[in-house]
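**Q** Handing you a structure now.
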Amino acid sequence: MAHISRRDLKKDEVRETFAHGAEAVLSHQQLTLYLLIAVVVVGVGVFGWRTYTERQTVKAFAAYDSAMTIFQAPVGAPAAPGEVSYTDANKKFTEAEQKFSEVASKYPHTRASELARYYAALSYEKLDKNAEARGLLQGLTNSSDDEVAALARFELASLDDRMGQGDEAAKLYQELIAKPTLLVPKPVVMLALAQHYGEKNPTEAAKLYGQIKSDYPDTPIAERADQALSLLPGKS
């Protein structure tokens, strides 16, 4: 067996140490490269998703605006140049519901979709399809958008009132009074609840009208409350 001198052994140790160091550097470079590639891929994915989402949102609101044009179109009146009008309200709201439903179906993950479902429900109400309207509104009451959820609850309460489900309506109004929003403010809900009580519980209605006048003096809604108060049984 050949004798390995201390000097040769030292050279081998240095060589081995260098080799391990080189491998470590190479591994580190490869890891850095992999991480860099991963960051780029994720970054491109996030950018692509954001771009896609923004484009979908723009398309969704364009389609929503087109449906709103139908929903708000006049009936029986001649249209101005470039505007839409209808001779039959049922035809108008049938087309509006179809357009809103298309928006909701085609762009399900956009805010325009939820607003479209809300107006599809209103279109159903105009067509006396209350069961269909109720189904859409109930679904929207759980929306993550507080404003959309509040609008749906308020409209659902009104629909329940008209369908003879007064207890359910009163419960929804109370929930909205406890948690008002920008689009469904407290005095508006109080007025609706007072009107709900108008015939069956005029004492409670008078109490609410009085509270509106006290809490929101010198406002249009206080004037409406005062007028409604004067029309209650025993107040004329």
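**Q** Taking the residues in region 198-210 that are in contact (Cβ under 8 Å) with a residue 24 or more places away in the chain and part of a helix (DSSP H, G or I) as candidates, determine which candidate is surrounded by the most Cβ atoms within 10 Å (Cβ to Cβ).
**A** Per the criteria, the residue is Ala205.
**Q** Taking region 92-113 as the search range and keeping residues that are crowded, with 18+ Cβ neighbours inside 10 Å and outside any helix (DSSP H, G or I), which one is modelled with the lowest pLDDT?
**A** Thr110
**Q** Taking the stated definitions as given, is Ser66 assigned by TED's automatic domain parsing to the domain that holds Leu172, surrounded by fewer than 17 Cβ atoms within 10 Å (Cβ to Cβ) and among the small types (Gly, Ala, Ser)?
**A** No.
**Q** Further question on the same structure: Answer yes or no: is there a residue in region 171-182 that is surrounded by 18 or more Cβ atoms within 10 Å (Cβ to Cβ) and in a loop (DSSP other than H, G, I, E, B).
**A** Looking for residues that are surrounded by 18 or more Cβ atoms within 10 Å (Cβ to Cβ) and in a loop (DSSP other than H, G, I, E, B), one finds at least one in region 171-182, hence yes.
**Q** Name, by its number, the condition in (1) more than 15 Å from Tyr124 (Cβ to Cβ); (2) part of a helix (DSSP H, G or I) that does not hold for Pro78.
**A** (2)
**Q** OK, next. If you check Ala194, Ala225, which single one turns out to be in a helix (DSSP H, G or I), in contact with a Lys or Arg (Cβ under 6 Å, 6 or more places away or on another chain), under 20 Å from Phe154 (Cα atoms) and among the hydrophobic types (A, V, I, L, M, F, W, C)?
**A** On the way: Ala194 fails: in contact with a Lys or Arg (Cβ under 6 Å, 6 or more places away or on another chain).
Of Ala194, Ala225, the one residue that is in a helix (DSSP H, G or I), in contact with a Lys or Arg (Cβ under 6 Å, 6 or more places away or on another chain), under 20 Å from Phe154 (Cα atoms) and among the hydrophobic types (A, V, I, L, M, F, W, C) is Ala225.
**Q** Please work out which one of (1) over 29 Å from Lys91 (Cβ atoms); (2) free of Cβ contacts under 8 Å to residues at least 12 places away in the same chain; (3) in a loop (DSSP other than H, G, I, E, B); (4) not polar (S, T, N, Q) is the condition Asp128 fails and give its number.
**A** (1)
**Q** Would you mind stating whether Glu155 is under 30 Å from Glu102 (Cβ atoms) and in contact with a helix residue (DSSP H, G or I) (Cβ under 6 Å, 6 or more places away or on another chain)?
**A** Working: under 30 Å from Glu102 (Cβ atoms): yes; in contact with a helix residue (DSSP H, G or I) (Cβ under 6 Å, 6 or more places away or on another chain): yes.
When the stated conditions are applied, Glu155 passes them.
**Q** Within region 229-236, is even one residue under 30 Å from Leu136 (Cβ atoms), in contact with a helix residue (DSSP H, G or I) (Cβ under 8 Å, 6 or more places away or on another chain) and either assigned to a helix (DSSP H, G or I) or not assigned by TED's automatic domain parsing to the domain that holds Asn130 (or both)? I'd like the intermediate steps shown before the answer.
**A** Residues of region 229-236 under 30 Å from Leu136 (Cβ atoms): none.
Within region 229-236, none of the residues are under 30 Å from Leu136 (Cβ atoms), in contact with a helix residue (DSSP H, G or I) (Cβ under 8 Å, 6 or more places away or on another chain) and either assigned to a helix (DSSP H, G or I) or not assigned by TED's automatic domain parsing to the domain that holds Asn130 (or both).
The values are calculated or read from the model by the stated rules, or taken from the named source; none is laboratory data. The structure displayed is predicted, hence computed values, not measured ones. With ideal geometry, Cβ positions are generated from the backbone for all residues, glycine too; neighbour counts draw on all protein chains shown.
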